[in-house]
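Okay, so here's the structure we're looking at.
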Amino acid sequence: MTATSEEKTEGLTDDLHKAGLKTTLPRLKVLAVMEASATRHMSAEDVYREVLKDSDPVGLATVYRVLAQFVEAGLVVRHQFEGDKSVFELNDAAHHDHMVCMKCGLVIEFVNREIESLQQKVAESHEFDLQDHSLTLYGLCSNCSESSR
């Protein structure tokens, strides 16, 4: 059974309130786009392009402002993988690391228990109390690797 439009809006409103944010139309639209997207990592421009498809779109500056508010509230995580371009993902998943294609920008999430364990061992060997970490591997995805041959 799929959720009705009203149920989806109610769920989005609950998410905003849990994050300490008031419900506004721009916030609802941006959050709806991010939750509905098959792509977990979206730039502000990606979000804006999706919002433009709505009958009552919001401006790009508003999308940037809403995303900044979501980051501050902990609803969204901001990543700067390559250069200064930021991508955003909902802060709803367990810890994971990333692989980023240097040609097309594809972001692949992965979890590897061996890598996690090794990082913990390295930290302990230096008497370092590891609180958090971010691991990003850069290379070429299979499509870009094939096309460069």
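Residue 101 is checked against (1) surrounded by 11 or more Cβ atoms within 10 Å (Cβ to Cβ); (2) free of Cβ contacts under 8 Å to residues at least 40 places away in the same chain and fails just one. What number does that condition carry? Condition (2) is where residue 101 drops out. Criterion applied to 124, 45, 116, 72 was being outside the structural domain of residue 143 (by TED's automatic domain parsing), more than 25 Å from residue 20 (Cβ to Cβ) and not basic (Lys, Arg), and the one residue passing it is 45. Remark: residue 51 falls outside the filter, which requires a residue to be in contact with a strand residue (DSSP E or B) (Cβ under 8 Å, 6 or more places away or on another chain), assigned by TED's automatic domain parsing to the domain that holds residue 31 and outside any loop (DSSP other than H, G, I, E, B).
Those helices (runs of 4 or more DSSP H) of segment 55-149 in which 3 or more residues are under 14 Å from the mean Cα position of the chain (by Cα) occupy 60-73.
The values are calculated or read from the model by the stated rules, or taken from the named source; none is laboratory data. Model, not experiment: these values are computed from the prediction. Please note: Cβ atoms are built from the backbone with ideal geometry, for glycine as well, and neighbour counts cover all protein chains shown.
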